[in-house]
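First the structure, in the form of structure tokens, and then the observations on it.
What follows is calculated from the coordinates using simple rules that are stated; it is not laboratory data. Keep in mind it's a predicted model, so treat the numbers as computed, not measured. Please note: Cβ atoms are built from the backbone with ideal geometry, for glycine as well, and neighbour counts cover all protein chains shown.
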Amino acid sequence: HFFSKITMNVSGMNEHSQTLPSQEDFLCTLAPIKGFNGITAPLVFLCPGEGAHSADADLVLLKSSPSWNAVEGALMDTVPDFTSLESFLKLGLGVHTAPTSPVVTTVVTILHLDSWRLWGVHPDVVLGHSIGEVSALYASGLLSISEAIETAYKLGVAAAKFEGKMVHVLLTEEQIKSFPRGELSVASVNHSVLNDKHGKVSVTLCGPASAVEEYLLEDMTATELRPQHPWHHPKYHDTLALLGLQFAAKNTTRGRSPGGVVAVSCATGEAIEGVSTAHWAAWLSQPLKFREALKCVRSHLQTRTDDKKGTEVCIIELGAHPVMTDAVATISTNAIHAATMRRGVSSVEFIKNQRNLLRAKGVFDGPDLANLVFAGTRPSCCSPEFSNVPFADQGIGSVQIPVLAKQLAAYFPGLGPQDFYRYASIEELRACWDAPALSAVARPVTADSPTSASLDVMGLSFKLPPNVQTTCDVWNALVRGDVAIGNPPDPSFKGLPAGYLNPPFDSKTAIAAARVAGVQGAEAKAMDPQHALALHLASKMWEDAGPQATTAAKTNLSRIGVYIGAWQPPAGAPRSAYRVLGNQLSALSSRVANAYAITGPAMTINTACSSSLVAMDAALRDARAGRIDFAIVGGVNLVATSPEAAEAFDDLNRAGMLSPTARCHTFSDAADGYVRSEGGCLFLLKSSAVKAVGGRQEALPCRARIVGSAVNQNGPRKPLTAVDPVSQEAVIRAACADAGVIPSALSVVEMHGTGTRLGDPVECSALAAAMTQQETTGSANTGSPCFLTAAKMHFGHLESAAGALGLLKAVLMLERRIVPAFAVCKPGMNPSVVQAMEMSCGKLALPPHGGAKLSDDALVGVSSFGFAGNNAHVVLEAAQALPGQATTISSAVAEAAVAAVESTNAIEKEEQAETTKTTQQHKQKVPKDVAAAPRTEPAASEAATIDFVWNVCVQVI
């Protein structure tokens, strides 16, 4: 397929070689590609000086620049001990000491201005402030990339000769004339202050630190600036000569190419046609004439308005943060001012906003990709005849999408493979990429009304592979990074490696469980083991909830609903009159209801992988509708109930869904599909609208609370199993709105996270989009990131019970107020996942080593997405202390807990030894590469002790 070989004709800018292209060659490569229809108003590029960049700047926009590799090559030839551009920026951004800082400023500006030029935006006039002059001269064509980087570095070496500070102040003309005062001098006369009745002027002063600090005490309106050197101070007069720094003379021949761009110098205040060592010596040691330079720009623009549509002036600021708003106003009071980056804001989201601003002003016409040229003779997907044809209809699939995404990322900064599931065609991408997304709005919630009821988790039960029986076992498995994947415990079963229960929940175990629940004889033998597993879990659930909660729930059996997710059809059941009933998934929930004489609604939900969360949503809806007071909710999944069940493995494997390495490599670059698993979880829930049971006001247990949920369906996608980030984002926002919060209020999201190459990045991008919308109401958790977790990397994919496992993990995290850490499988993070997380501007993160603490008001979201497009998201909050229950643990109780840990050390070791023995037996049958999977090591024993202490403290209380 030709898409596997596409190469844009800007590839020369993306491939560093020993010989860098000249400036003319670079611009010739750039010029034929007009990614945007261009600016239709007179245009100025403003290049800011020192102090604009900061450590919190993300690199996504910068890395998408077409000149990234050319700049990296120039730095390699110029800067000592340089390793890579990415590490150079990460170390240099926010550090304002020479010689590095002026180079960082220049690099950022060059990368930005080449992105704008690639988009078809070419300036009429360029102007830089202070070190920004270097980038401006590059934009005009006077300097090449290598010459600009070399110039900035040499000027930085000279500036490093003296330490000092700079300060911004507003002065009158008479006050300006009073400088220099001692060692304090004027560094730049910036611009007149508009509408100031005293005629004040924006001025930058410079000098030794002592002189600046003394002035700051004298003038309380002055503002200290970030640079750590007295740029443009007279003491630099002979510095270039003393250091032997020379600069090549440049003339106007190149300065007027392309398009007759006018370069205005902040050093002379005039348009210049060349530079030399003398120019830079004066620039370094004399006050800048930036006010005169702005007037010169305005004059040149007035001569060009007749050649451009309209009379408005468009000014684009190219630095790491907009700092020239007041200067722009002196050029034109009605100027259209766009910036390129802003501190603390996602670089991609900000540039989208700015490009969309220019569209709204009518001076910018959006991407026109028809002129993109790809190697090969076949038509491009960007050509007019294909621009509206969905990628899938063009045969562009998962193999070609990453190639296409890489080639188009310079035009659509931040574009990743996952975005091709959000934008179905080139035209949709072109039209919608810059468009503002919908805001996340929290729905008002009125407490204590049935329509806003939440569900309290009173009790829970589970059966997880290989033989996890208690919440302490689950938590320790998560903290240690255990992987519950192995070969079938029964050698006769020919299924692939999976998360098998061991001992297996086979027909014999199922018959025994059925008999305990009152199902006897032939009916028990013909029963789908999943029915029996649900009955077994229901029994354990009542035990976990305790007699008080059980009695309260059973007070009115018509007010209990049963909602269980299941999808795995039984195979190989013996002939029997009971086979039709015993093997129907539709009868599974009814079986549980019948066992306990429950007469409320009972339904089995089958939406494949999202079944359990869809079941939870159904229960919450019924509770809010006033149909139920209590609910049994969860999911079950057994994959090895009979020899015939192995055929399902073969079918899924043929479909390319299963991991050949038998792991859910969630977040990892090793992602290659999912690994099946079996087990189940059930929860006993109480509607918060129920305040009294049987006429009695009782304090019933509450481990966590379900406060919101939502379900939806993917949009039209081909094939049916294609993921849809738009619907995923929508279901997250809808669930949060249902809970009365905004997505950024979530502290943790337990992700679907199956470990597929594109599925994980798509899910992260959808979550990032939901997180970064402008928040109009509600309280956002802006002070800390939202941590991403995925139980599938430990227990595998329980399919219809996967959401129930996610809920179980969420409950445990909220109870312990801890997010367990985990190790991403080698070779490391999936780059597309990293890219998607970067789009969240720091709001999405993985838990730090050793885990993260949760606050008492933490919210956890859980996602599940069915393979046919059934999406679900549920929001949980931590339970508050019950009436009369202690909210803190006293020192005496803590000491008692520690003593209890010490006294039970022998018992714990004995139990651990037994668990280890079982695990080792299980692993003997696991493929070597699966058994040797990396673990999170240092925090294991500490977290296990914390968990044990927590449980003991609860028992003592």
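Amide hydrogen proximity for H229: with H placed 1.01 Å from N in the peptide plane, the residues at 5 or more positions away or on another chain lying under 5 Å are G164. Need one word for the stretch 34-360: rounded, prolate or oblate. Basis is the Cα gyration tensor (sqrt eigenvalues a ≥ b ≥ c); a/c below 1.5 gives rounded, then a/b vs b/c decides. In terms of gyration-tensor shape, rounded.
For A858, what charge total do you get from the other residues with a beta carbon under 10 Å from its beta carbon, if Lys and Arg give +1 and Asp and Glu give -1?
Working: positive: R817, K853; negative: D856, D857, E877.
Net local charge, A858 excluded: -1.
Ordered by the number of other Cβ atoms lying within 10 Å of each residue's own Cβ, fewest first, S140, S855, S507 fall into the sequence S855, S507, S140.
Ranking of R717, R117, R515 by neighbouring Cβ atoms within 10 Å, starting from the fewest: R515, R717, R117.
Take every DSSP beta bridge whose two residues both sit in the stretch 34-360; close to 55 percent of them are antiparallel. Computed from phi, the 3J(HN,Hα) profile of the stretch 413-422 under the Karplus parametrisation 6.51, -1.76, 1.60 (θ = phi - 60°) reads x, x, 4, x, x, 5, 6, 6, 9, 9 Hz, with x in place of Gly and Pro.
As an exercise, use a Förster radius of 51 Å and the Cβ-Cβ distance of D651 and S784 to find the FRET efficiency, rounded to the nearest 0.05.
Values: r = 44 Å, r/R0 = 0.85.
With R0 = 51 Å, the Cβ-Cβ based efficiency is 0.70.
Calculate, for L242 and A209, the FRET efficiency according to 1/(1 + (r/R0)^6) with r their C-beta to C-beta distance and R0 30 Å; round to the nearest 0.05. Intermediate results must be reported in sequence, preceding the final value.
On the way: r = 22 Å, r/R0 = 0.74.
After rounding, the FRET efficiency stands at 0.85.
Quote the FRET efficiency, to the nearest 0.05, computed for R359 versus E86 with a Förster distance R0 of 41 Å and r equal to the Cβ-Cβ distance. The formula returns an efficiency of 0.85 here. Karplus-based coupling profile of the stretch 390-398, in residue order and whole Hz: x, 4, 4, 6, 8, x, 8, x, 5, with θ = phi - 60° in 6.51 cos²θ - 1.76 cosθ + 1.60 and x standing for Gly or Pro.
For the stretch 794-808, the Karplus equation 6.51 cos²θ - 1.76 cosθ + 1.60, evaluated at θ = phi - 60°, returns couplings of 9, 9, x, 9, 7, 6, 5, 9, 5, x, 5, 5, x, 5, 4 Hz by residue, with Gly and Pro reported as x. Near Y674, the amide H atoms lying under 5 Å from its own belong to L658, S659; only residues 5 or more places off or on other chains count, and H is placed 1.01 Å from N.
Mind listing the long-range amide H neighbours of S188? Cut-off is under 5 Å, sequence gap 5 or more, other chains count too, H placed in the peptide plane at 1.01 Å from N. Distant-sequence amide H within range of S188: T204, L288.
With the Kirkwood sum run over all distinct C-alpha pairs, the stretch 46-109 has a hydrodynamic radius of 11.9 Å.
Taking the Cβ of each residue in K154, K200 as the centre, tally the other Cβ atoms inside 10 Å and list the residues starting with the fewest. Numbers along the way, then the final one.
Values: K154 21, K200 16.
Going from least to most buried by this count: K200, K154.
Here the label points at V399 and T172, each 7 Å from Cα along the C-beta direction, are separated by 7.7 nm in the simple model. Put a dot 7 Å past the Cα of A597, heading toward its Cβ, do the same for A868, and the two dots end up 3.7 nm apart.
Which shape class, rounded, prolate or oblate, goes with the stretch 450-878 when its Cα gyration tensor gives a ≥ b ≥ c as root eigenvalues, a/c under 1.5 marks rounded, and past that a/b bigger than b/c marks prolate? Walk me through the numbers before you get to the answer.
Working: a/c = 1.69, a/b = 1.13, b/c = 1.50.
Here the stretch 450-878 falls in the oblate category.
With an a/c value under 1.5 for the gyration tensor axes a ≥ b ≥ c computed over the alpha-carbon atoms, the stretch 742-870 is described as rounded.
Give me the percent relative contact order of the stretch 34-360, please, defined on Cα pairs under 8 angstrom at least 6 residues apart. Don't jump to the answer; show the numbers that get you there.
On the way: 697 pairs, mean separation 78.1, N = 327.
Reported as a whole number, the value is 24 percent.
Between M76 and T277, the simple label model (points 7 Å from Cα in the Cβ direction) yields a spacing of 3.0 nm.
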